[in-house]
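The values are calculated or read from the model by the stated rules, or taken from the named source; none is laboratory data. Because the structure is predicted, anything quoted here is derived from the model rather than measured. Positions of Cβ are generated from backbone atoms using ideal geometry, with glycine treated the same way; all protein chains shown enter the neighbour counts. Only protein heavy atoms, including side chains, enter the accessible area calculation; ligands, DNA and RNA are left aside. Shrake-Rupley method; radii C 1.70, N 1.55, O 1.52, S 1.80 Å.
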Amino acid sequence: MKALLRNYVNGSDGSRVERTTSVADRRASALSAAGVANGFSNLIDGKPSISVKSLEVLDPATGEVLATVPDIDRHGVDKAFAAARRAFPAWSKRSWDDRRSIILAAIEKLREHRSEIITLLMAEGGRPSSLAEWEAASVLDEFGPGVLAQTLPDDVFSQAGVGLVTKHYAPLGVVAAISPWNLPFLLSFDKVVPALLTGNTVVLKPSPFTPLTVLRAGTLNVVTGGDDVGPWMTSHPEADKVSFTGSTQTGRRVFGSAAETLKHLTLELGGNDAGIVLPDVDVEAAVGPIFWGMFLVNGQGCITIKRLLVHESRYDEMAKALTKFAAQQKLGDGFDPETAIGPVQNRPQFGRLNATWNAIKRDGTPVLYRGEEIAGEGNFFPVTILDNPPIDAEYVMHENFGPLRSMIKYSTIDEAISIANSTDYGLGGSVWGQDPKLLNSVARRMEAGTTWINQHLVLSPNVPFGGNKDSGLGVQYALEGLKEYCYQRVIWAKQ
């Protein structure tokens with residue numbers, strides 16, 4: 001995932017493709033090849049399942065209906081959990097190597113449908129092909145195989161007066177996995193793969209805004225539906241664990257729902273990441289990675305930079321460089337090969353961003369840069385960077401999930417740290433400069449689960465990732481992430 005993301009962020013392929021067909025024709029051809037007209041169903045016990053009611057999935061670039069998916073009822077959810085419970089004894093008794101081989105075979109099968117997956121990610125996510133290709137590759141080529149290469153061996157030791165002690169990690173049972181709309185393929189399978197590998201079974205619910213890629217990819221139990229389905233899953237008596245990625249507000253509701261039956265929880269929630277730019281930064285080298293650290297996935301990322309804190313001595317220089325770089329990125333339809341940044345994924349989020357923009361205008365907050373607006377039915381919100389806004393403004397303190405960011409001036413390192421740590425979030429952060437000692441010192445003072453130095457948004461299946469404060473509970477990835485899907489069984493043997 002690290003190398004792939006860096007390749008995209010740094011823009012190593014800056015070529016422009018000659019436009020020989022219209023964007024509409026290109027979209028229609030790709031969707032036809034991906035089989036969208038064949039329809040989508042839920043999967044329960046590995047078999048297609050439909051519902052009486054359905055939900056429309058909209059194309060964020062055009063506002064048109066892409067497809068319909070089942071709006072499952074409570075009985076359907078019960079069937080999915082019953083199927084997962086029935087499958088658990090046999091699956092959990094398989095060896096680690098057997099489970100790994102089965103999952104690897106499934107990933108290999110998905111690789112045969114890579115082009116369909118990329119097309120669906122472009123269509124339902126509104127993203128350019130390069131970003132859809134990156135997400136598909138992250139799952140199929142790096143994250144999936146990377147997780148499957150890991151093991152959780154028993155920890156055995158002896159102690160005088162105690163005996164031989166074995167710490168063994170056993171699967172919890174049935175996992176309720178709920179994934180968000182911003183990276184639907186990656187943030188579904190980063191739950192499914194470790195859960196299955198450790199011997200659990202899964203009921204997966206993708207976002208109703210972006211369910212198509214996950215339904216096409218399939219696992220044994222995938223359900224789609226409206227606002228009732230999530231609470232049904234998180235409170236379900238057959239769910240032993242809940243793994244959720246989404247907003248902090250929804251995460252609190254998930255926490256309360258799961259608490260009734262004391263379910264195990266992993267919550268990866270919102271963020272308001274700060275990027276601190278030190279006085280000795282190389283602006284020319286840093287501006288590209290910083291921009292994409294702010295605006296990758298059109299700024300719809302929990303660990304994108306939301307607040308860029310720049311030392312007063314370099315503020316004007318960075319502002320000029322960032323504005324120039326932003327102006328070179330085309331906002332548009334992901335099926336246009338010249339597009340670098342696509343639309344906001346869904347209408348409700350588009351409305352929230354516009355409401356925030358109206359508040360900014362009412363306050364008279366200076367704007368460093370705002371791209372051209374695009375008329376029509378698509379959810380196009382131009383890249384917007386605020387120019388040193390008040391640090392306690394509502395639209396600075398809270399997460400903006402979209403292409404709206406703040407550039408803030410600071411005078412001292414202590415001031416920068418204070419601003420960076422002043423929100424209720426603590427997911428990620430980054431520090432940019434050249435002095436290794438100072439970079440490390442600043443990184444250690446940031447109250448974030450992950451802090452990067454001279455980079456941002458770099459993840460690996462071999463490195464744990466989790467949030468501090470209101471940004472989550474538990475961790476994902478690496479051995480620490482695998483243990484989240486297990487309980488620890490300790491065996492004492494008398495010697």
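Let me confirm something: among Ser115, Ser49, Ser101, Ser92, which residue is among the polar types (S, T, N, Q), open to solvent by 10 Å² or more (accessible area, probe 1.4 Å) and at pLDDT below 95?
Values: Ser115 fails: at pLDDT below 95; Ser101 fails: at pLDDT below 95; Ser92 fails: at pLDDT below 95.
None of the other options fit; the residue is Ser49.
Kindly provide the set of residues from the range 218-229 that are in contact with a strand residue (DSSP E or B) (Cβ under 7 Å, 6 or more places away or on another chain) and either surrounded by fewer than 20 Cβ atoms within 10 Å (Cβ to Cβ) or farther than 18 Å from Val57 by Cα (or both), ordered by number.
Answer for the range 218-229, where residues must be in contact with a strand residue (DSSP E or B) (Cβ under 7 Å, 6 or more places away or on another chain) and either surrounded by fewer than 20 Cβ atoms within 10 Å (Cβ to Cβ) or farther than 18 Å from Val57 by Cα (or both): Gly218, Thr219, Leu220, Asn221, Gly226.
Looking for something in contact with a helix residue (DSSP H, G or I) (Cβ under 6 Å, 6 or more places away or on another chain), open to solvent by less than 10 Å² (accessible area, probe 1.4 Å) and β-branched (Val, Ile, Thr) - is there at least one such residue anywhere in the range 283-290? Before the answer, list the steps.
In the first step, residues of the range 283-290 are kept if they are in contact with a helix residue (DSSP H, G or I) (Cβ under 6 Å, 6 or more places away or on another chain); the result is 283, 287, 289.
If we keep only those that are open to solvent by less than 10 Å² (accessible area, probe 1.4 Å) too, we end up with 283.
The next check asks that each one be β-branched (Val, Ile, Thr); those that pass are 283.
Looking through the range 283-290, at least one residue is in contact with a helix residue (DSSP H, G or I) (Cβ under 6 Å, 6 or more places away or on another chain), open to solvent by less than 10 Å² (accessible area, probe 1.4 Å) and β-branched (Val, Ile, Thr).
Is it the case that Arg314 is surrounded by 17 or more Cβ atoms within 10 Å (Cβ to Cβ), charged (D, E, K, R) and over 21 Å from the mean Cα position of the chain (by Cα)?
So Arg314 passes the test.
Quick check: anything in the range 187-208 farther than 23 Å from Gly46 by Cβ, modelled with pLDDT of 95 or more and of a type in the set (A, V, I, L, M, F, W, C)? Outline the logic, then answer.
Applying the first criterion (farther than 23 Å from Gly46 by Cβ) to the range 187-208 yields none.
No - not one qualifying residue is present in the range 187-208.
Just checking, does the range 350-358 include any residue being more than 28 Å from Met446 (Cβ to Cβ), in contact (Cβ under 8 Å) with a residue 24 or more places away in the chain, open to solvent by less than 40 Å² (accessible area, probe 1.4 Å) and assigned to a loop (DSSP other than H, G, I, E, B)? Reasoning before the result, please.
Filtering the range 350-358 for residues more than 28 Å from Met446 (Cβ to Cβ) gives 350-351, 354-355, 357-358.
Subset that is in contact (Cβ under 8 Å) with a residue 24 or more places away in the chain: 350, 354, 357.
Imposing the further condition that a residue be open to solvent by less than 40 Å² (accessible area, probe 1.4 Å) reduces the set to 350, 357.
Subset that is assigned to a loop (DSSP other than H, G, I, E, B): none.
No, the conditions are met nowhere in the range 350-358.
Quick check on this structure: which one of Gln476, Gln495 is touching a Gly at 6+ places or on another chain (Cβ under 7 Å), more than 20 Å from Ser418 (Cα to Cα), open to solvent by 70 Å² or more (accessible area, probe 1.4 Å) and touching a residue at least 24 places away in the same chain (Cβ under 8 Å)?
On the way: Gln476 fails: open to solvent by 70 Å² or more (accessible area, probe 1.4 Å).
So the residue among Gln476, Gln495 that is touching a Gly at 6+ places or on another chain (Cβ under 7 Å), more than 20 Å from Ser418 (Cα to Cα), open to solvent by 70 Å² or more (accessible area, probe 1.4 Å) and touching a residue at least 24 places away in the same chain (Cβ under 8 Å) is Gln495.
Output the residue which, of all residues in the range 157-214 that are hydroxyl-bearing (Ser, Thr, Tyr) and under 18 Å from Ala478 (Cα atoms), is surrounded by the most Cβ atoms within 10 Å (Cβ to Cβ).
Initial filter on the range 157-214 (hydroxyl-bearing (Ser, Thr, Tyr)): 158, 166, 169, 179, 188, 198, 201, 207, 210, 213.
Add one more test, that the residue is under 18 Å from Ala478 (Cα atoms), and what stays is 169, 188, 198.
Numbers: Tyr169: 18, Ser188: 28, Thr198: 23.
Among residues in the range 157-214 that are hydroxyl-bearing (Ser, Thr, Tyr) and under 18 Å from Ala478 (Cα atoms), the one surrounded by the most Cβ atoms within 10 Å (Cβ to Cβ) is Ser188.
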